[in-house]
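Quick note: the coordinates plus some simple rules give every number you see, no bench work behind them. Model, not experiment: these values are computed from the prediction. As a convention, Cβ positions derive from the backbone with ideal geometry for all residues, glycine included, and neighbour counts pool all protein chains shown.
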Amino acid sequence: MSRRLRLLLFALAVLCALPAMWRIAAHMPRFGAHPLPYGDAINDAAPRERHVTNMVTAVNFDYRGFDTLGEEFMLLCAVTGVVVLLRGARGQDLDALPGVVAGREIADRADATVLLCRAIAPLIVVFGIYVALHATVTPGGGFQGGVIVASGLLLLYLGEGYRGWRRLVRSRLFEAFEGGGAALFVAAGLAPMLLGRAFLENVLPLGQLRDMLSGGLMLVVNAGVAFAVAGGFTLLFIEFMEETRAVREGDDPGEHPT
Amino acid sequence: MTLLPWLVAAWLLGIGLYGIVTSRNYVHLIGCLGVLQSATYVLLLAVGYKWNAGAPIFYSHPPGTPAVDPVVQALVLTDIVIGATVTALLLALALQLHKKRGSLDPEELRPLRR
């Protein structure tokens, strides 16, 4: 199919879809002024029934916890796919030098960059842990906190370079985080069944409203998600960074012969 | 004004699709997929919006204050995280493709042309 024909088909499809789209947009409920039966029910019930103040966490880890389990495994599958695709070619090498493109020098890092990264990266990791820990009371949770922790670790790459970073960030540990987090989520779901209750039923003591340790089983699920997300994203960074290291003898370069 | 959120969602959907249709590079195409996906975020968050209502966090406001729909927010949250990892998976595929075939142009990489 030529480029022009494809554009023509696209324009035709848009023309066909446009009236329908317009009709749907015009018949959508009034923006901001229609009833929200499910949202209002959660907003009403969760502080009473689950003693949590963050409704989004209550939905994710309790009321819709089973769906989140599915999403958790989508994350696991995607990360596993990336690892399988990328690790096969070059393998792990902790001592390798960064790859060099011919004719392009690697400039030395400025001291200010190294200092700033060393100072800020631990703070970002701590902030990520804080966001993950306060999932049930203030905005945040395992998903957000895990991503923040991983981005803090990525900042170390900026400061330390490939070799230093790989020495600090061991993939074994983050593989364990990724798999262990998902396993913890499943265990939190199965544990109530041993007591003869439903899957993921909140059987732990609920704690006080506005307390960090409120929400019962949600805290365990949240911890599992935080570990899995932090581990998963760090593994993604590690695998992509592995691609930048120099090819050694015995490695399969896997490059396209040009 | 009341139409605006739905039109923004439709526009993001359309412009993302346009990018995918006309793309000459798989990395660009994956970026367009991200734009396309953000249409669902806008749509979901707009569905759950309520005038004069706060965030569904009852820490500094007592439970019972008007708040927007937390269900769609939870959907969007997981959607974003999954979207990011799926983007990484697609980029890994693109990387391997570039190694094997030396190109990322969908026009050159048609399976039937070789």
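Annotations
- Put the Cα centre of region B:33-63 next to the Cα centre of region A:89-149 and the gap is 29 Å.
- Partner chain coverage, peptide B:95-105 - average Cβ within 10 angstrom: 3
- Within-12-Å neighbourhood charge of A:Asp62 [Cβ basis; K, R +1; D, E -1]: -1
- Taking the longest Cα principal axis of chain B as reference, the axis of helix B:4-22 is set at about 10 degrees.
- Within chain A, helix-based [θ] at 222 nm, where runs of 4 or more DSSP H residues each add -39,500 (n - 2.57), nearest 500: -22500 deg cm²/dmol
- Rounded tilt (10° steps) of A:37-50 against the dominant C-alpha axis of chain A: 90
- Taking every DSSP helix (H) stretch of at least 4 residues in chain B, weighting each as -39,500 (n - 2.57) and dividing the sum by the residue count yields a mean residue ellipticity at 222 nm of -22500 deg cm²/dmol.
- Each label was represented as a point 7 Å from its Cα along the Cα-to-Cβ direction; for A:Phe10 and A:Glu49 these points are 4.7 nm apart.
- Of the residues A:Gly215, A:Gly161, A:Gly140, the one that moves most in a GNM of chain A with alpha-carbon contacts below 10 Å is A:Gly161.
- If only the Cβ of Lys and Arg carry +1 and only the Cβ of Asp and Glu carry -1, the dipole of chain A around its Cα centre is close to 620 debye.
- Sum of side-chain charges, B:Leu45 neighbourhood, beta-carbon under 11 Å (Lys, Arg +1; Asp, Glu -1): -2
- Using alpha-carbon coordinates, inclination of helix A:171-194 to the longest axis of chain A, degrees: 20
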